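Novice: Below: one structure in structure tokens.
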Amino acid sequence: VDAFQAWCGPCRTVVDLFRKIRNEVGSDLLHFAVAEVDSIDALEKYRGKCEPVFLFYAGGELVAVVRGANAPLLQKTILEQL
């Protein structure tokens, strides 16, 4: 989940990376979503910074968090979680 604020916008620079990985591993294993933290109370702790935050969930549980648009770290985290 790309957690963003309306004034900052979602991180578009990593969308291509997610598409590439999703094509490689298959769409059944990886799902990508965006969430505006200003409108979701459960994501309140991610408000106030203009830094992309990527939340990784498995089985309904938060399993990893990556802060910043660090493509190599995002790719490593995705592949480790899969």
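Novice: Just to verify a result, which residue in the stretch 52-72, among those that are touching a residue at least 40 places away in the same chain (Cβ under 8 Å) and of a type outside the set (F, W, Y), is farthest from A3 (Cα to Cα)?
Specialist: Among them, the one singled out is A71.
Novice: Another question, then. Limited to the stretch 23-63, what total is found for residues that are over 20 Å from L73 (Cα atoms), open to solvent by less than 80 Å² (accessible area, probe 1.4 Å) and not in a loop (DSSP other than H, G, I, E, B)?
Specialist: Of the residues in that region, 5 qualify.
The values are calculated or read from the model by the stated rules, or taken from the named source; none is laboratory data. Please read all numbers here as calculations on a predicted model, not as lab measurements. Neighbour counts run over all protein chains shown; Cβ positions are idealised from the backbone, glycine included. Heavy atoms of the whole protein, side chains included, go into the accessibility calculation; ligands, DNA and RNA do not. Shrake-Rupley method; radii C 1.70, N 1.55, O 1.52, S 1.80 Å.
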